[in-house]
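The values are calculated or read from the model by the stated rules, or taken from the named source; none is laboratory data. This is a predicted model, so every value here is computed, not measured. Note that we place each Cβ from the backbone using ideal geometry, even for glycine, and neighbour counts take in every protein chain shown. Protein only, heavy atoms only, side chains kept; ligands, DNA and RNA dropped before computing areas. Shrake-Rupley method; radii C 1.70, N 1.55, O 1.52, S 1.80 Å.
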2 protein chains.
Amino acid sequence: MKNLLVIGGSDAGISAALRARELDAAVDIQVLVADRFPSFSICGIPYFLSGEVSSSEDLAHRTRAEIEARRIRLLLEHEAERFDPAQKSVRARSPTGETLQLAYDRLVLATGAKPVHPPLSGMDLPGVFPLRRMGDALAVDRFMEEREVRRAVIVGGGYLGLEMAESLTRCGIAVTLVENAPTVLGTLDPDLGERVAAELARNGVEVLTSTMVEAIAPIEGHALGVLATGNVGRPAQLVLVAVGAAPETGLAREAGLATGIKGAIKVDRHMRTSDADVFAAGDCVETWHRVIGDCGYLPLGTTAHKQGRIAGENAVGADRQYAGSLGTQVVRVFELVAARTGLNDADARAAGLESVSAEAESWDHKVYYPGASKLRVRITGERTTGRLLGAQILGRYGAEVSKRIDILATALYQGMSVADVIDLDLSYAPPLSNPWDPVQTAAQAWQAERDRRAAAA
Amino acid sequence: MKNLLVIGGSDAGISAALRARELDAAVDIQVLVADRFPSFSICGIPYFLSGEVSSSEDLAHRTRAEIEARRIRLLLEHEAERFDPAQKSVRARSPTGETLQLAYDRLVLATGAKPVHPPLSGMDLPGVFPLRRMGDALAVDRFMEEREVRRAVIVGGGYLGLEMAESLTRCGIAVTLVENAPTVLGTLDPDLGERVAAELARNGVEVLTSTMVEAIAPIEGHALGVLATGNVGRPAQLVLVAVGAAPETGLAREAGLATGIKGAIKVDRHMRTSDADVFAAGDCVETWHRVIGDCGYLPLGTTAHKQGRIAGENAVGADRQYAGSLGTQVVRVFELVAARTGLNDADARAAGLESVSAEAESWDHKVYYPGASKLRVRITGERTTGRLLGAQILGRYGAEVSKRIDILATALYQGMSVADVIDLDLSYAPPLSNPWDPVQTAAQAWQAERDRRAAAA
C-alpha cells in the first residue's frame with residue numbers, strides 16, 4: 001500500500017485523507033478537488049450569505065495550508081473524469097485542460113451530492129440558483145452584490161431552505177418560502193413543523209405550504225415571476241432552489257460499482273464498495289441506519305466526517321466499522337432551535353415498528369432563575385419493548401436544545417429503553433437545568449402514556 | 001399496605017410521596033416536614049440571596065397546594081422525634097408542642113443532611129451562618145436586610161461556597177473565599193479548579209486557598225474578625241460557612257438501622273434499609289456509584305429526586321433498582337460553567353483503576369459563526385480496556401457545557417468506551433456545534449494519548 005487517492009475535497013474526502021495520514025506516516029496521499037475549496041463547510045453557506053460570516057475563506061474547516069502541512073497533496077480544480085478499477089488508475093483533467101493518469105493502490109470516492117433540480121421551466125434563468133456547493137454560494141453572493149434584491153423566493157422548506165429564509169431576511173430581503181408538503185421541515189412531526197413555520201412567519205417570512213412551484217418566468221426589468229399551484233404568483237429578483245440532494249455517482253457507475261437507494265454507492269459497514277480496493281464515504285453513499293438496521297440515503301455533514309474517517313482508516317489497513325447514523329439533526333431558525341434523532345411515529349411505522357410517542361413541555365432551567373424558556377421534548381419508543389426509538393425537541397436558541405437531543409442520541413446509540421433515560425445521572429444547577437432534565441420529564445410522560453394505553457387496551 | 005409515612009419534606013421525601021401516589025391511588029400518604037418549606041429547592045438559595053429570585057416562595061419545586069391536591073397530607077413544622085420499627089410507629093411533635101403517634105405500614109426516611117460545623121471558635125456569633133436549609137437562607141436574608149453588610153467571608157470553596165461568592169458579589173459585597181485545599185472545587189482536577197478560582201478573582205472575589213479559618217471573633221461595631229492560617233485576618237459583617245454536609249441520621253440510629261460511610265444510612269439498591277418496611281433516600285443515605293461499583297456519600301439534589309422516586313415506588317410494592325450515581329455535577333461561577341461526571345485520575349487511582357486522561361480545547365460551535373467560545377473537555381478512560389471513566393468540562397455560560405457533560409454521563413451510564421464516543425451521531429449546525437462535537441474531539445485526543453503512551457512503553 002503506497003498510494004492513496006481520494007476523489008473529493010469536502011468533508012468525507014478530507015477526513016479520509018487526514019485520518020489515513022494520522023495512521024500511516026509513509027503512504028502517499030493525493031486528493032482530487034473539483035473546485036478551489038477543499039474542506040469547506042457548506043453548512044455555513046447561509047451564514048456567509050447573511051453577512052454573519054464576513055469572508056467565504058472563514059468557512060474552511062481546515063485551511064489548505066493545514067492540510068498540506070500533513071503531506072497531503074491537493075490537486076485543486078482537477079476534475080476526475082473516469083477511473084479504471086482493473087488498472088487501478090484515475091483519469092483527471094487539470095484546470096489548464098491537461099489529462100493526468102493517477103495510479104492508486106486504494107481509492108476513496110467522496111464525490112458528494114448534487115442539488116436536485118425540480119422539473120420546472122425557468123431553472124436556467126439568471127437569478128435562479130441551486131444551493132449546494134461553495135461555487136453556488138459565491139455566485140449568489142456576487143448576484144446579490146450586483147443586483148438589488150428586494151424579494152426572494154425559496155423553493156423547498158427543508159433545513160437549507162429554512163436557514164436561507166432567515167439569512168435573506170437578515171439581509172432585509174422579503175422572503176417567500178414555498179414547500180410542496182403540508183408543513184416545513186418534513187423530518188419532524190407535522191405539528192412541530194407548523195411551530196417552525198410560525199417562527200418564520202413571526203419574523204416576516206411568507207410561508208406557503210402544500211404549494212408547488214410550477215414555473216419561473218422573466219417579467220419586466222430584471223425580475224422573475226414565480227408561479228405556483230393555487231394561482232400563486234410572486235415577483236422576485238432571486239430564486240433559490242433547495243429541494244434536496246442526490247448522490248453524485250457518475251464515476252462509480254461508469255466503473256461498474258454497485259449502487260442502491262436513490263442511486264447511492266453501496267458500501268459495507270467498513271465503507272468498502274463492491275471493489276475491495278475502493279472505499280466510498282459521505283453524500284455519495286448509502287448510509288447504515290443504526291436504529292432501523294438497514295441502509296438509507298442520509299446526506300449529512302456529520303455523517304460524511306465519520307464515514308470519511310473510517311474510509312481513510314480502513315484504506316490504510318485498519319478494520320473499523322461505521323457505527324451507523326441515527327439521523328440526528330438540528331437547525332436554528334431565528335430564535336427557535338429544532339432537533340431530532342432516530343425515528344418519529346411515521347418513521348417507525350415505515351420501519352414496521354409499533355411506536356408510542358409522548359411529549360412534555362418543561363422549562364429549560366429552574367423557572368425561578370431568570371431567562372427560563374419552555375422546551376417541548378417528544379419521545380418515541382417501541383410499545384412492546386419500551387426501547388427508545390427517537391426524539392424531537394423544540395426550544396429557544398440558548399436553551400441547550402442541540403446537546404439535549406444528543407443525550408437522547410447517545411441513549412439511542414446504545415439501544416437504551418425510555419425507562420433508562422429516567423435513571424440517567426444528568427447535571428443540574430438552577431441556571432442550567434432542573435433536577436429532572438426536560439428529556440427525563442418527557443421520558444416519564446412517555447412511560448405514563450404507555451401505561452395509560454396498556455390500561456385502556 | 002394502607003399507610004405510607006414519609007419523614008422529610010425536601011427532594012427525596014416529596015419525590016417518594018408523589019411517586020407512591022402515582023402508582024397507588026388508595027394508599028394513605030403523610031409527610032412529616034420539620035420546617036415550613038416542603039419541596040424547596042435548596043440549590044436555589046444563592047439566587048434568592050443575590051436577589052435574582054425575588055421571593056423565597058418561588059424556590060418551591062412544587063407548591064404545597066400542588067402536593068396536597070394529590071391527597072398527600074403535609075404535616076408542616078412537625079418534628080419526628082423517634083420511631084419504633086417493632087411497633088411501626090413514629091412519635092412526632094406538632095408546632096404547638098403536642099405529641100402525635102403515627103402508625104405506618106411502610107416508612108420512607110428522607111431526613112437529609114446537616115451542615116458540617118468546623119471546629120473553630122465563634123461559630124455561634126451573630127453574623128455567622130451555616131447554609132443548608134431554607135431556614136438558614138431566610139436568616140441570612142433577614143440579617144442582610146437589617147445590617148449593612150459590606151464585607152463577607154465565605155468558608156469553603158465547594159459548589160455552594162462558589163455560588164455564594166458570586167451571589168454576594170452581585171449584591172455589591174466584597175467577598176473573601178477561604179478554602180483549606182490548594183484549589184477550589186476539589187471535585188475537579190487542580191488545574192481546572194485554578195481556572196475557576198481565576199474567574200472568581202476576575203470578578204473581584206479574593207480567593208485564599210491552602211488557608212484554614214481558625215477563629216471568628218467579634219471586633220468593634222458589629223464587625224467580625226476572621227482569623228486564618230498564614231497570619232490572615234479579615235474583617236467582615238457576614239461569615240458563611242459551607243464546608244460540606246453530613247447525613248442526618250439520628251432517628252435511624254436510635255431505631256437501630258444499619259449505617260455506613262460517614263454515618264449515612266445503609267440501603268440496598270431498592271432503597272430499602274436494614275428494616276424491610278423502612279426505605280430511605282437522599283442526603284441521609286449511602287449512594288451506589290455506578291462506575292466504582294460501590295457505595296459512597298454523595299449528597300446531591302438530582303440523586304435525592306431519583307432515590308426518592310424509587311423509594312416511593314418500592315414502598316407501595318414495586319421492585320425497582322436505583323441505577324446509581326455517576327457523580328455528575330455542574331456549577332456556574334459568573335461567566336464560567338464547570339461540570340464533571342464519573343472519575344478523574346485521582347478518583348480512578350483511589351478506586352484502583354489505571355487511567356489515562358487527555359484534553360482538547362475546541363470551539364463550542366463553528367468559529368466562523370459569531371459568539372463562539374472555547375471549551376476545555378478532559379476525558380478520563382481506563383488504560384487497559386479503553387472504557388470511559390469520566391469527564392470534566394469548563395466553558396462559558398451559554399456554551400452548552402451542562403448538556404455536553406450529560407452526553408458523556410449517558411455514555412458512562414452504559415459503560416461505553418472512549419472510542420464509542422467518537423462514533424456517536426450527535427447534532428450539528430454551525431451556530432450550535434461542530435461536525436465533531438467538542439466531546440468527540442476530546443475522545444479523539446484521548447485515543448491519540450493512549451496510543452502515544454502505548455508506543456512509548
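Legend: mean number of C-beta atoms from other chains within 10 angstrom of residue C-beta atoms, peptide A:357-369, equals 3. Other residues within the sphere of radius under 15 Å centred on the Cβ of residue A:314, judged by their own Cβ, net out at -1 (K and R +1, D and E -1). Look at the dipole of the protein assembly as shown built from charges on Cβ: of B:137, B:300, A:350, the Cα furthest out on the positive end belongs to A:350. Please tell me the relative contact order of chain B in percent, rounded to the nearest whole number, where contacts are Cα pairs under 8 Å and at least six residues apart. 13 percent.
Going by accessible surface with a 1.4 Å probe and the largest first, B:298, A:432 read B:298, A:432. Exposure check, 1.4 Å probe, all protein chains in place: residue B:374 carries approximately 90 Å² of accessible surface. A Förster radius of 41 Å, combined with the Cβ-Cβ distance separating residue A:346 from residue B:269, puts the computed FRET efficiency at roughly 0.60.
Within the shell of other residues whose beta carbon sits under 10 angstrom from the beta carbon of residue A:344, the net charge comes to 0, with Lys and Arg scored +1 and Asp and Glu -1.
Calculated FRET efficiency, residue B:276 to residue A:23, Cβ-Cβ distance, R0 = 60 Å: about 0.55 to the nearest 0.05. If R0 equals 45 Å, the separation of the Cβ atoms of residue B:70 and residue A:50 corresponds to a calculated FRET efficiency of about 0.35.
Shown in residue order for the stretch A:451-457 are the 3J(HN,Hα) couplings computed by the Karplus curve 6.51 cos²θ - 1.76 cosθ + 1.60 at θ = phi - 60°: 4, 4, 5, 5, 5, 6, 6 Hz (x for Gly and Pro). Orientation-averaged projection of the protein assembly as shown equals 41.7 nm² [convex hull of Cα atoms, one quarter of hull surface area].
Each residue, residue B:385 and residue B:121, gets one label point 7 Å from its Cα in the Cβ direction; the gap between the two is 5.3 nm. Charged neighbours of residue A:243, selected by a Cβ distance under 15 Å, balance to -1 (K, R count +1; D, E count -1). Shape summary: chain A maps onto an equivalent ellipsoid whose semi-axes, from the alpha-carbon gyration tensor, are 37, 31, 20 Å in decreasing order. By a 1.4 Å probe calculation restricted to protein chains, residue A:43 has an accessible surface near 40 Å², given to the nearest 10. The 3J(HN,Hα) values that the Karplus relation (6.51, -1.76, 1.60; θ = phi - 60°) gives for the stretch B:161-168 are, in residue order, x, 5, 5, 5, 4, 5, 4, 5 Hz. Gly and Pro appear as x. The separation of the stretch B:244-286 from the stretch B:377-429, counted between C-alpha centres, amounts to 32 Å.
Close amide H contacts of residue B:373 (hydrogens built in the peptide plane, cut-off under 5 Å, sequence separation of 5 or more or a different chain): B:364, B:365.
When the surface is traced with a 1.4 Å probe over the full set of protein chains, residue A:306 keeps roughly 10 Å² accessible. For the stretch A:238-248, backbone phi angles converted through the Karplus equation (6.51, -1.76, 1.60; θ = phi - 60°) give residue-by-residue couplings of 9, 10, 10, 10, 9, 10, x, 10, 10, x, 8 Hz, Gly and Pro being listed as x. Amide H to amide H distances under 5 Å link residue B:40 with B:61, where only residues 5 or more positions off or on other chains count and H is placed in the peptide plane. Pairs exceeding 23 Å between alpha-carbon atoms, taken from A:88/A:266; B:306/B:374; A:374/B:114; A:366/B:374; A:366/A:403: B:306/B:374; A:374/B:114; A:366/B:374. Taking amide H as placed 1.01 Å from N in the peptide plane, the amide H of residue A:274 sits under 5 Å from that of A:258, each at least 5 places away or on another chain.
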